Amino acid sequence: MSITPQGRKIAIIGASGTLGRPLVAALLASPAGHSVTAVQRADATSSFPAGVRVARGDLLSEAFLASAFAGQDAVVLMPPLARILTAQEPAVRAAAAAGVRYVFPAESGPDPFAAGLVRDNALLQAKKRVRDLIEETFGASGGGGGWVSVAVGPWVEYAVGMGLWGVDARARTATVWRGAEGRVCSATAGHAGRALAAVLSLPEPDLAALRNAAVYAPSLCFTQRELLSAAQRVTAGHGDGTSNWTVEERDVADVLRDCDEALARGDEAAAHARFFVTHAMEGSGADFEHKIDRALAGKLQALGLGGETLEEAIRETLA
């Protein structure tokens, strides 16, 4: 398939972050000729490749943000999770005031329409509030703009680098959750950034069709046991790699109970842990492979979005 990429003026909040770096690199590498502006705090010291314009100021000031967003076709929001609402709300209002057509909120993760996951997770509820604000604000402005979500699933780096899916590849330990045999769609942060860049490079009719909708672009889908097997293969010095791992099993109900008890004690980290446990449960909505639009996926591939294997993702994380 041959497709001509469309260049756009794109402003990014969070351009120096885990997702921002691969996004900026992919945008600059695109033959579309994108114009990229990194919008940062006044005291930020991050540096960027040549060709990236930097606008610094108060990220809570709608006046500053509207000035930074003026003339932009798209705004990409990637604030820290702790500021998922406070950083995005003024940016959404400023984008509408500036006449921006597309807002890509902090959505490069789970399926935004997985009702069960949204119901059980405060982070996903906050993300829905941002999408609702975009629809309300842009609808009132009459500009016809809206949001676009690029869903790849939780990033696999957390799965193997922090052990949040019960598999800690660095420590070579795992807790297999009995009763959590569901498949999970996922990707590396690098793939998420490249997927976002490919969507931003779509011809206008294709991107316009995605207004207030999700693009499903995971690179991986696996169960917890498949993740463990892949991690064991990657870390194997010889043989099948299982002998140098410590593996136990627990009922997922007990794991969730521990998370809930920790939350009741005020342990905020338990919410993150619970997020990953619930993703591994069958029927949670974490497996959205069936939602992938194959025609759109072909266009994204033609725009440079490649694939990756689970073993490659684990090696990249452990490097």
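A quick yes/no check of all residues on (1) under 20 Å from the mean Cα position of the chain (by Cα); (2) of a type in the set (Phe, Trp, Tyr); (3) within 30 Å of LEU263 (Cα to Cα); (4) surrounded by fewer than 19 Cβ atoms within 10 Å (Cβ to Cβ):
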residue	(1), (2), (3), (4)
ALA29	no, no, no, yes
GLN88	yes, no, yes, no
VAL92	yes, no, no, no
LEU133	yes, no, yes, no
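Output yes when any residue across the range 223-234 is over 19 Å from GLY116 (Cα atoms) and among the β-branched types (Val, Ile, Thr), and no when none is.
Looking for residues that are over 19 Å from GLY116 (Cα atoms) and among the β-branched types (Val, Ile, Thr), one finds at least one in the range 223-234, hence yes.
State whether the residues of the range 80-87 include one that is out of contact with any His (no Cβ under 9 Å at 6 or more places or on another chain), of a type in the set (Ser, Thr, Tyr) and modelled with pLDDT under 90.
Checked against the condition, which is being out of contact with any His (no Cβ under 9 Å at 6 or more places or on another chain), of a type in the set (Ser, Thr, Tyr) and modelled with pLDDT under 90, the range 80-87 yields no hits at all.
Out of the residues in the range 176-185 that are hydrophobic (A, V, I, L, M, F, W, C) and in a strand (DSSP E or B), which is surrounded by the fewest Cβ atoms within 10 Å (Cβ to Cβ)?
Of everything passing the filter in the range 176-185, VAL176 is surrounded by the fewest Cβ atoms within 10 Å (Cβ to Cβ).
Check off (1) modelled with pLDDT of 95 or more; (2) in a helix (DSSP H, G or I) for ASP287 and give me the number that stays unchecked.
With (1) modelled with pLDDT of 95 or more; (2) in a helix (DSSP H, G or I) applied to ASP287, the lone miss is (2).
Assigned by TED's automatic domain parsing to the domain that holds TRP165 and either closer than 22 Å to VAL118 by Cα or surrounded by 15 or more Cβ atoms within 10 Å (Cβ to Cβ) (or both) - does that describe any residue in the range 240-248?
yes
Out of LEU59, LEU27, which single residue is farther than 18 Å from ALA91 by Cβ and either at pLDDT 95 or above or not hydrophobic (A, V, I, L, M, F, W, C) (or both)?
Within the list LEU59, LEU27, the selection yields LEU27.
Each row is one residue, and each column tells you yes or no for (1) within 21 Å of the chain's Cα centre (by Cα); (2) farther than 26 Å from GLY109 by Cβ; (3) among the aromatic types (Phe, Trp, Tyr).
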position	(1), (2), (3)
PRO5	no, no, no
ILE10	yes, no, no
THR18	yes, no, no
SER35	no, yes, no
GLN40	yes, no, no
ASP43	no, yes, no
SER61	no, yes, no
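Please identify the pairs in which a residue from the range 248-267 that is assigned to a strand (DSSP E or B) has its Cβ atom under 8 Å from the Cβ atom of a residue that is polar (S, T, N, Q) and surrounded by 12 or more Cβ atoms within 10 Å (Cβ to Cβ), counting only partners at least 6 apart or on another chain.
GLU248/THR175; GLU249/THR175; ARG250/THR175
Could you identify the single residue in GLY51, GLY7, GLY14 that is on the phi > 0 side of the Ramachandran plot and surrounded by 13 or more Cβ atoms within 10 Å (Cβ to Cβ)?
It is GLY14.
Could you please give the count of residues in the range 110-121 that are over 13 Å from the mean Cα position of the chain (by Cα), surrounded by 13 or more Cβ atoms within 10 Å (Cβ to Cβ) and touching a residue at least 40 places away in the same chain (Cβ under 8 Å)?
6
Within the range 98-134, can you find the residues that are more than 25 Å from ALA198 (Cβ to Cβ) and either at pLDDT 95 or above or among the charged types (D, E, K, R) (or both)?
ARG119, ASP120, ARG129, ASP132, LEU133
Being within 19 Å of the chain's Cα centre (by Cα) and in a helix (DSSP H, G or I) is the filter here, so list the residues in the range 270-284 that pass it.
Once the filter is applied, which keeps residues that are within 19 Å of the chain's Cα centre (by Cα) and in a helix (DSSP H, G or I), the range 270-284 yields ALA271, HIS272, ALA273, ARG274, PHE275, PHE276, VAL277, THR278, HIS279.
Evaluate the range 153-175: report whether one residue or more is closer than 26 Å to PRO5 by Cα and surrounded by fewer than 24 Cβ atoms within 10 Å (Cβ to Cβ).
Within the range 153-175, not a single residue is closer than 26 Å to PRO5 by Cα and surrounded by fewer than 24 Cβ atoms within 10 Å (Cβ to Cβ).
Could you please find all residues in the range 122-142 being without any contact (Cβ under 8 Å) to a residue 40 or more places away in the chain and of a type in the set (Ser, Thr, Tyr)?
The answer is none; no residue qualifies.
Can you list residue pairs whose Cβ atoms sit under 9 Å apart, with the first residue in the range 1-22 being farther than 18 Å from GLN40 by Cβ and the second being assigned to a strand (DSSP E or B) and of a type outside the set (Phe, Trp, Tyr)? Count only pairs 6 or more apart in sequence or on different chains.
GLY7/SER35; ARG8/SER35; ARG8/ALA74
Pairs under 6 Å by beta carbon, first residue assigned to a helix (DSSP H, G or I) in the range 189-211, partner of a type in the set (Ser, Thr, Tyr) and surrounded by fewer than 24 Cβ atoms within 10 Å (Cβ to Cβ), six or more apart or different chains?
Once the first residue is assigned to a helix (DSSP H, G or I) and sits in the range 189-211, its partners that are of a type in the set (Ser, Thr, Tyr) and surrounded by fewer than 24 Cβ atoms within 10 Å (Cβ to Cβ) give ALA189/THR18.
The values are calculated or read from the model by the stated rules, or taken from the named source; none is laboratory data. Predicted, not measured: the structure shown is a model, and the values here were computed from it. When we count neighbours, we look across all protein chains shown, and the Cβ atoms used for this are built from the backbone with ideal geometry, even at glycine.
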